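The next block holds one structure in the form of structure tokens; read it before the comments.
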Amino acid sequence: WASPFARSARKVHKDCTKTMYAAHLCLLALAVTRRLSSVWPTRDELKTWIQQMQDVHAIEVRLSHLRAAQKHAHPDGQDGNASARLGVCIIGQVSRLLLRSKIDNFFLANRDRFIVDVVFVLGDAAEARYVNAETVPMINGAPVSVSWNRSSIKNEVKGSVNGAIVVDIHPQLAEPLLHERYSTHLDKSAKILNITRRTEVQDDRARAHVRQWYALLKCYSHFLTMEQRNAAPYSAFVKLRDDSVVLSNLRVNLRSVHKKVVTQECASWGGVNDKAAMLGATEGFTYFAKPLLTWYFDYNQVATVTNPEGYLDAILRNTTVTTVRADAFPILTGRNGISGSVCFPLDVAKIGWDENLGDAACVPPSCPLRAYVYCNRCSDDDDSTSKLLRICTEEFAVSGWRTSAC
């Protein structure tokens with residue numbers, strides 16, 4: 001009986017993305033033709049998703065107006081150009097934020113070449129949340145969290161940034177719209193075991209991805225607002241996560257990112273590494289806005305992808321993407337450790353593995369850096385640590401070198 005409804009609903013869906021016409025019918029059409037989190041959404045799901053679609057559409061309209069008002073050309077720029085502006089987007093959760101390495105190895109490294117604006121878009125949860133929490137340091141059964149707020153973040157960063165600092169702390173979406181195909185095939189164990197039934201773990205991972213894309217969209221909205229306020233376009237953008245640790249000086253080269261997106265070569269999982277990126281300003285809309293807009297309004301265009309890296313690859317299919325090795329883009333996932341320390345999870349999803357790049361491909365091949373990561377590991381996983389350190393066995397060719405290195 002649903003088929004006639006689906007056919008008529010598809011017609012309504014053509015107008016859905018433009019005018020939000022008959023939003024409830026749009027959502028029902030999506031439920032039938034795209035199989036969202038349930039084939040027939042509950043009343044609460046419909047109400048939530050309709051509001052989300054309206055909110056996202058309102059942001060899209062605002063971005064369109066801002067982009068139209070800022071159509072003057074972006075400067076190609078040369079390193080050292082005093083007028084060059086760099087927009088840095090940091091997304092995630094306020095309770096997971098790692099700042100020290102970003103300040104020392106990134107903000108300070110670029111402030112002499114750019115006017116650097118930093119936008120933080122962070123969820124407000126007081127307790128850090130992780131989908132994969134196996135290697136997260138715990139205190140009394142809860143993940144280690146930090147107590148940042150708007151004022152403390154600004155105070156910590158202001159000495160290293162010569163432009164604007166925007167701290168957007170907000171409640172994250174509790175129940176973002178889900179697509180059943182994406183959730184069903186998302187979990188790695190489900191692929192290995194050929195499980196075709198969705199689980200709550202998979203749904204939680206998918207929700208986390210949608211929250212990240214929502215934060216990217218908000219980042220871009222802040223950037224366009226500042227462009228209009230300053231009457232000066234950005235030359236480049238950088239995206240980092242709350243838990244990104246910058247292991248050594250990272251300096252943005254405008255020529256290297258002009259009209260392209262630059263990501264790490266490792267941990268691509270069949271797509272594009274989504275943990276960090278440097279990009280030319282002309283690619284800002286595609287990288288920051290299209291992931292969420294496509295998810296809510298054009299998912300059929302990317303419906304075959306089954307992980308966030310593949311999703312980003314599909315979003316960027318008409319964009320030049322350049323991948324570089326870890327020594328050229330020294331970003332690694334970290335965790336808040338005990339007593340204010342930083343530690344590194346050494347599972348393969350974080351340090352990377354590739355049949356061409358080898359073990360620990362996300363860690364720069366510098367032995368001192370690898371020793372630093374090893375000595376500040378979050379757990380003692382012998383298999384992972386041996387992969388991490390294998391490249392350094394000749395440089396530290398002494399008995400018990402691991403202990404002495406620390």
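The values are calculated or read from the model by the stated rules, or taken from the named source; none is laboratory data. Please read all numbers here as calculations on a predicted model, not as lab measurements. Reconstructed Cβ throughout: ideal geometry from the backbone, glycine too, with neighbour counts over all protein chains shown. Surface areas here come from the heavy atoms of the whole protein model, side chains and all, with no ligands, DNA or RNA. Shrake-Rupley method; radii C 1.70, N 1.55, O 1.52, S 1.80 Å.
Couple of notes before you dig in:
- HN-Hα J in Hz across segment 42-54 - Karplus 6.51, -1.76, 1.60, θ = phi - 60°, x for Gly and Pro: 6, 4, 5, 4, 4, 4, 5, 5, 4, 5, 4, 4, 5
- Total formal charge among the other residues, if their Cβ is under 13 angstrom from that of SER221, Lys/Arg +1 and Asp/Glu -1: 0
- Most to least accessible of ARG377, ARG100 (protein chains only, probe 1.4 Å): ARG100, ARG377
- HIS185 contributes an accessible area of around 60 Å² to the protein surface, as traced by a 1.4 Å probe with all chains present.
- Cross-link pairs exceeding 26 Å in C-alpha to C-alpha distance, out of LYS259/LYS350; LYS47/LYS154; LYS158/LYS275; LYS158/LYS259; LYS154/LYS350; LYS158/LYS350, comprise LYS259/LYS350; LYS47/LYS154; LYS158/LYS259; LYS154/LYS350; LYS158/LYS350.
- Figure note: THR320, THR199, THR286 ranked by solvent-accessible area, largest first, 1.4 Å probe, ligands and nucleic acids not counted: THR320, THR199, THR286.
- The local environment of PHE285, defined by Cβ-Cβ distances under 11 Å, has a net charge of 0 under the rule Lys, Arg +1 and Asp, Glu -1.
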